[in-house]
1. Among the listed residues C:303, C:275, C:286, C:282, which satisfies the condition of being surrounded by fewer than 23 Cβ atoms within 10 Å (Cβ to Cβ) and of a type outside the set (Phe, Trp, Tyr)?
2. Among the residues of the stretch A:79-102, how many are facing chain B (nearest Cβ under 8 Å) and either touching a strand residue (DSSP E or B) at 6+ places or on another chain (Cβ under 9 Å) or touching a residue at least 40 places away in the same chain (Cβ under 8 Å) (or both)?
3. Taking the options B:204, B:200, name whichever one is over 20 Å from residue B:83 (Cα atoms), more than 14 Å from every other protein chain (Cβ to nearest Cβ), open to solvent by 20 Å² or more (accessible area, probe 1.4 Å) and modelled with pLDDT of 90 or more.
4. If the Cβ limit is 6 Å and pairs must be 6+ apart or interchain, which residue in the stretch B:248-270 that is under 20 Å from residue B:7 (Cβ atoms) and without any contact (Cβ under 8 Å) to a residue 60 or more places away in the chain pairs with which residue that is part of a helix (DSSP H, G or I) and of a type in the set (Lys, Arg)?
5. Are there any helices (runs of 4 or more DSSP H) wholly within the stretch B:163-278 with 1 or more residues that are touching a Gly at 6+ places or on another chain (Cβ under 6 Å), and if so which?
6. Any idea which residue in the stretch B:105-119 is modelled with the lowest pLDDT, counting only those that are of a type in the set (A, V, I, L, M, F, W, C) and crowded, with 22+ Cβ neighbours inside 10 Å?
7. Considering the stretch C:70-106 alone, what residues qualify as being small (Gly, Ala, Ser), assigned to a loop (DSSP other than H, G, I, E, B) and under 23 Å from residue C:157 (Cβ atoms)?
8. For the stretch A:31-58: of the residues being modelled with pLDDT of 90 or more and open to solvent by 40 Å² or more (accessible area, probe 1.4 Å), which is farthest from residue A:218 (Cα to Cα)?
Amino acid sequence: MSRLLTVENVSSGYGLTPVLRGVSMHVDTGEVVAVVGANGVGKSTLLRTITGLVHPTGGDITFDGVHITGLPAHRIVSHGLAMVPEGGRLFTFMTVMENLELGAFNPTSREDTQQSLHEVMELFPILRERRAQRAGSLSGGERQMCAIARALMSRPRMLMLDEPSLGLSPVMLEKVFDLIRMVVASRDVTVLLIEQNVADALEMANRAYVIEHGVIAKTGPGAEMLHDPDIQRAYMGL
Amino acid sequence: MDILNILVVGLLLGGIYGLVSIGLNLIFGVIRIVNFAHGELVMLGMYGAYLAYATLGLDPYIAVLLVVPALFVVGIIVHRLVLQPLHAESNMQIFATFGLLIILQNAVLAITRGEGFSVPSKVAGFTFGVGDIRVTVSRLVIFLALTATAIALHLFLKRTLIGKSIRAVTQDRQAARLMGINVERTFTITFGIGSALAGLAGVLLSPIYTLSPGIGGNFILAAFAVVVLGGLGSVAGAYFGGMIVGLVEAFAGFYIDPELKQAIWFLIFLVVLIVRPTGLFGQVGAEEVGFREQN
Amino acid sequence: MNSDDLATADPSPNRPAGGILPWRRVALLYAVGLLVTLVPLLLLSRNFFWLNIITYTYLFAGLAVAWNIIAGFGGQFSLGHGVFFAIGAYTTARLFLDWEISPWLGLLPGAIACAVVGPLIFWPTFRLKGSFFAIATLAFNEVALVLANYLESVTGGPRGLQVPFRAAFKNMIFTDPRAYTVLMFVFMAIAVGISIVLMRSRLGYYLLAVREDEDAARAAGISVIQVKLRATALSAALTAIGGGLFAMYIRTIDPLTLFSLPDIGVKFALLSLIGGMGTITGPVLGAFLIIPLESYLRAVFGGSGPGVHLILLGFVMLLAALFMRRGVAGAIDSLRQHWRHRRSA
């Protein structure tokens, strides 16, 4: 197991509003790491800062030995870091197939597009069925599935998911989390996910961080945090 | 018979409007910026054809091969220097492109000293008759060129990877970035393509009109009307929107009053803008241009 | 004195509701400002060439201030104010020519007409944002141009209207050109005065709120559309008055002149931009910078070839848009804030 992602004392925000105030965390290869917390504490901002959509005002981010701090988002995916944004953000006017093809757009993965398509449709057979359909016509769960598949098309070493459970029914939610587990099992991919749905996230995670007001409040193994009475009281209504 | 004649006139006119607008439509749809100097790019295409004729003796239909790539480069420069710095500020874009309009018009005016040019072409002037209707080759060429361009552009956007990346950028810039698409570069290339298309229109129009520095003004507002009517970012929209505007102008000119024809399709443009800003075919509409802040 | 000051209201009883500066201070600044703008007139009143420029400067300062009401303060970037300008010009001229109505009175019908027409035509287009609103207003300008050319019986068609030189105070036609200068000065003074009063009133406060964030304003209970329509009416009416004055000064009006975008419609916007949109003094500053500059360029370069001076003007626009987004007033503002920070630090 080696260190894949290192986030060191990162501060970030939008305009004059600071959201993250010196966050440090890391992810090792093969792990599933969850970052949980209430709405608006900075979980999304963390992911978006790592992936280059937001520029950090301070701190350092290293991925696979490369300093990616301040790189523009479109360069970062070439380093092996893919993100499934909140809600999936598929290109709704384009077909499932086109969405997947674009997933492999970046120069590093482009030549493997056909191979990746094959693998991804093997993993999610329903996408093969729906490949000519407009992405906007998919159901909620299928959309999330397609978004995850699209991210996998870039053959990432690490997959980041921004609130994968958002807007899904409990049944779909289970399915999506099962999917994530399957992806981790069958592909050599490390996962970092952020979630409001604390219980499910902690169940899945090897390790977890709790963010409160833009800083890391707690960290530890997933199972331990799941049974931590403070966390249970604060986030799981127990 | 009269009606058929008007129909043909309208369609051919629609070809002109469509060709002038197809570049603007692409730019508007993808980048969501206003370029008031688009008519001047058409004008530059026209004068480019003249230049090719005056210095190299080229027929405009051959000059296309020189002028269109040249306008592509001009577009790239304009976007990089003027529009990219102003990407989030639509008011300033209006000023900047208006300033560009004034500069280009008056630069050409100063250089040509107001002399009107025309570009002769061996083929363009021929007319032929189909039954009772007379058709000029130059206008027919434009109609065919528009059709070919529309099909080519459609295929480019639909089938090629770059085309798909342009469509992706149109829909969701952030998601596009996550795919590894360089959004800024896509904008610049798109603007280049749009300018090249304007140049194409200019070259093909040069046998028809007498060149004057202000001629861009004739087209820019028609182009806006076509774009809004057809729908932002829709190739089919530019095509059919152009036809509709051309037909309306032809029929209004005949049945109502030739002097009012411009006002009439302008009113249509306003009505469409207000009632159905998405246009006939558009995916995203005028209202989105301001409402949905993308980054 | 700018919108930033106005926006931060102090609830203490000694201060007026609308702004940080008490009325007496404002009146003082207003008077001083006007005196400053009078200086060119006093210095150059013998020189007819410069007098003409100063006259136009005052007129366009007033027009830019009028435009700024809906565009700078209201956030609705209009390229169609030429329509109001023309309506004012045609109305005043026509009433004088046909019914010998004194322009002093004749200014009003045009203003009232625009106070009605303005909101009427802008209302459906307000739902459009940014560039598309601008294009729609541009379309109004073009349609009005076509109509003006067409309705010969009303507007005199392409040749337009000529007002004969019958000098008399009641005709608003003067033998002494300085009278016109004073007239335009008064127009500017009134426009600025109205602007100040507006922005210190509740309507002005709402207008700024709407400009900043329409949804938030609506949520706070402000009727966004009413605010915009009222501001439009005021802006249009003032512009119409300016148009009427223009007609009586130049005494020959035609569609090409009135609806010309670089000279009229876009000019209002340019002056406000350069001076600083959304400020009281910005448009005036812009007028004092650009109008003389333009005349100077025309005088110097007009001979070297057609269009040369306009090329330079085009560059001014382009560079201003790229580098001077907040205008001169905005730059001065930043400096003042910088000073305040230094002082308190």
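1. Details: C:275 fails: surrounded by fewer than 23 Cβ atoms within 10 Å (Cβ to Cβ); C:286 fails: surrounded by fewer than 23 Cβ atoms within 10 Å (Cβ to Cβ); C:282 fails: surrounded by fewer than 23 Cβ atoms within 10 Å (Cβ to Cβ).
On inspection, the qualifying residue turns out to be C:303.
2. Of all residues in the stretch A:79-102, those facing chain B (nearest Cβ under 8 Å) come to A:82-83, A:85, A:89-94, A:98, A:101-102.
Filter again for either touching a strand residue (DSSP E or B) at 6+ places or on another chain (Cβ under 9 Å) or touching a residue at least 40 places away in the same chain (Cβ under 8 Å) (or both), leaving A:82-83, A:85, A:89-94, A:101-102.
Total satisfying the criteria: 11.
3. On the way: B:204 fails: open to solvent by 20 Å² or more (accessible area, probe 1.4 Å).
Of B:204, B:200, the one residue that is over 20 Å from residue B:83 (Cα atoms), more than 14 Å from every other protein chain (Cβ to nearest Cβ), open to solvent by 20 Å² or more (accessible area, probe 1.4 Å) and modelled with pLDDT of 90 or more is B:200.
4. The qualifying pairs are B:252/B:261; B:253/B:261.
5. Numbers: elements: B:173-178, B:183-205, B:216-230, B:235-255, B:261-275.
The helices (runs of 4 or more DSSP H) meeting that bar are B:183-205, B:216-230, B:235-255, B:261-275.
6. The first filter runs over the stretch B:105-119 and keeps only residues of a type in the set (A, V, I, L, M, F, W, C), leaving B:107-111, B:117, B:119.
Those left that are additionally crowded, with 22+ Cβ neighbours inside 10 Å: B:108, B:119.
Values: B:108: 92, B:119: 83.
Out of the qualifying residues, it is B:119.
7. Here is the first cut: in the stretch C:70-106, the residues small (Gly, Ala, Ser) are C:71-72, C:74-75, C:78, C:80, C:82, C:86, C:88-89, C:93, C:102, C:106.
Retained after the next criterion (residues that are assigned to a loop (DSSP other than H, G, I, E, B)): C:72, C:74-75, C:78, C:80, C:102.
C:80 - this is the single residue of the stretch C:70-106 that is small (Gly, Ala, Ser), assigned to a loop (DSSP other than H, G, I, E, B) and under 23 Å from residue C:157 (Cβ atoms).
8. Among those residues, the one meeting the criterion is A:55.
The values are calculated or read from the model by the stated rules, or taken from the named source; none is laboratory data. For clarity, every value in this text was computed on a predicted model and none was experimentally measured. With ideal geometry, Cβ positions are generated from the backbone for all residues, glycine too; neighbour counts draw on all protein chains shown. Areas reflect the complete protein model, heavy atoms only, side chains present, ligands, DNA and RNA absent. Shrake-Rupley method; radii C 1.70, N 1.55, O 1.52, S 1.80 Å.
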